[in-house]
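Some notes on the structure that comes next.
The values are calculated or read from the model by the stated rules, or taken from the named source; none is laboratory data. Because the structure is predicted, anything quoted here is derived from the model rather than measured. Note that each Cβ is placed from the backbone with ideal geometry, even for glycine, and that neighbours are counted across all protein chains shown.
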Amino acid sequence: MTPFDRADPAPPATGCADTPPVLRERGQHAVFCGLTGIIWLHRKMRDAFFLIVGSRTCAHLMQSAAGVMIFAEPRFATAILEEQDLAGLADANDELDRVVDRLLARRPDVKTLFLVGSCPSEVIKIDLARAAQRLSRRHLPTTRVLAYSGSGIETTFTEGEDACLASLVPEMPATKAGSLLVIGSLPDMVEDQFARLFAAMGLEDTAFLPAREAFALPAVGPGTRVLMAQPFLAATAKALEDRGAVVLSAPYPFGAEGTEAWLRAGAEALGVSPDHITAAIAPGKARAAKALASAREKLAGRSVFFFPDSQLEIPLARFLAREMGMRLIEVGTPYLHRRHMAAEMALLPDGVTLSEGQDVDRQLDRARAARPDLTVCGLGLANPLEAEGLATKWSIELVFSPIHGFEHAADLAELFTRPLTRRALLAHAQD
Ligand code: SF4
């Protein structure tokens with residue numbers, strides 16, 4: 001069931017050794033599960049198919065989250081576990097093999113098939129990793145079969161992408177060459193913009209994970225320098241480090257400032273001179289600064305409260321505080337990976353309240369008491385808060401939208417100005 005609630009008995013605590021201090025909460029969560037990532041991943045990897053091994057609930061979630069599927073050839077589906085599977089009366093592995101054989105016979109264009117685990121498949125302990133090995137042996141070299149978990153028991157919604165990309169890493173060919181690898185699913189046009197910028201700095205071989213064709217994986221090795229385009233990829237980063245790659249520390253490419261620092265970190269690690277980088281990024285940086293000016297007029301001085309949801313909260317809060325002049329009341333994040341967030345946390349304003357994890361009722365009380373001008377939260381919380389008169393932004397929209405880089409800095413800002421403008425118009429109409 002999603003969004004789902006889960007309880008963790010560990011008591012809340014304030015981390016006194018943290019800089020800045022972090023309020024750690026371990027209570028009820030209100031989040032979507034990792035299956036949701038399929039919605040943007042299937043658009044990115046054109047030769048991939050996502051087969052969810054789950055229940056009707058999982059199928060309903062995917063249908064309502066992705067809109068009604070009317071494509072002739074959809075690239076995800078749910079293999080429904082029926083009651084006899086759940087009761088252990090049928091061999092789910094035999095059934096799965098039959099479904100996969102049928103699917104691949106009908107869809108020879110599928111080059112990578114992901115078996116995606118769910119709560120039901122984990123409850124009845126279907127070993128999807130082993131099933132993927134067995135099916136790969138049967139279907140390679142035409143189709144590679146991999147497995148990962150999108151289960152709500154273990155993941156929040158962006159962790160689905162992390163688990164998916166991590167499953168690709170062992171398949172990547174080895175290399176000793178020095179190269180830049182950008183990780184995180186980006187819309188094609190954003191990927192092209194970054195590729196052009198790196199090429200202008202002499203880094204024509206910059207690779208992206210996931211690639212548009214999932215079967216054509218980039219190489220990895222001790223010379224690989226990894227630049228994270230999304231902050232929620234801890235497992236993928238760790239898997240790449242295990243292959244010898246070095247993960248670079250940088251802010252994330254949101255807003256003009258974050259994009260510049262991110263591009264510099266990648267290019268400098270590959271030996272590009274600071275002057276060369278400055279020249280290559282100057283036009284984009286100037287365009288972004290100009291485009292952001294009008295959004296700043298609308299956002300400066302306004303307050304914002306982030307509920308933990310997408311794991312993008314800290315980089316976005318940094319952008320809103322430093323470039324848009326907003327006041328941060330609380331920045332909640334589901335998990336805080338200190339190493340991957342170090343460059344971002346160094347840029348946060350003094351005195352900001354960071355919270356990790358969630359105790360949703362306590363956090364709602366804090367938001368109600370603070371009455372922020374804008375609340376960034378999941379879908380489940382947005383409607384009740386709107387009904388209480390708070391302007392909200394759905395955090396999931398920030399994952400679907402092109403918001404990275406210089407060319408989309410203003411689009412990112414606009415996602416935050418829009419709810420405020422809408423509320424102002426409504427108030428005006430009611431006067
Ligand atoms: Fe619900 Fe779990 Fe299926 Fe997600 S994986 S839709 S949380 S049952």
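Here are the numbers for this structure:
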read-out: Residue in region 240-255 that is β-branched (Val, Ile, Thr) and free of Cβ contacts under 8 Å to residues at least 60 places away in the same chain present; value: yes
read-out: Out of Gly405, Gly351, Gly389, Gly378, sole residue that is at positive phi and surrounded by 20 or more Cβ atoms within 10 Å (Cβ to Cβ); value: Gly405
read-out: Residue among Phe215, Phe198 that alone is hydrophobic (A, V, I, L, M, F, W, C) and in a helix (DSSP H, G or I); value: Phe198
read-out: Selection from region 207-227 of residues that are touching a Gly at 6+ places or on another chain (Cβ under 8 Å) and crowded, with 23+ Cβ neighbours inside 10 Å; value: Val220, Thr224, Leu227
read-out: Tabulated pairs, region 112-136, first on the phi > 0 side of the Ramachandran plot and outside the structural domain of Ala77 (by TED's automatic domain parsing), second of a type in the set (Ser, Thr, Tyr) and assigned to a helix (DSSP H, G or I), C-beta under 8 angstrom, 6+ apart or interchain; value: none
read-out: Sole exception among (1) more than 30 Å from Gly202 (Cα to Cα); (2) hydrophobic (A, V, I, L, M, F, W, C); (3) under 25 Å from the mean Cα position of the chain (by Cα) for Ala261, by number; value: (1)
read-out: Residue satisfying condition, being assigned to a helix (DSSP H, G or I) and either at pLDDT 95 or above or touching a helix residue (DSSP H, G or I) at 6+ places or on another chain (Cβ under 8 Å) (or both), within set Leu328, Leu364; value: Leu364
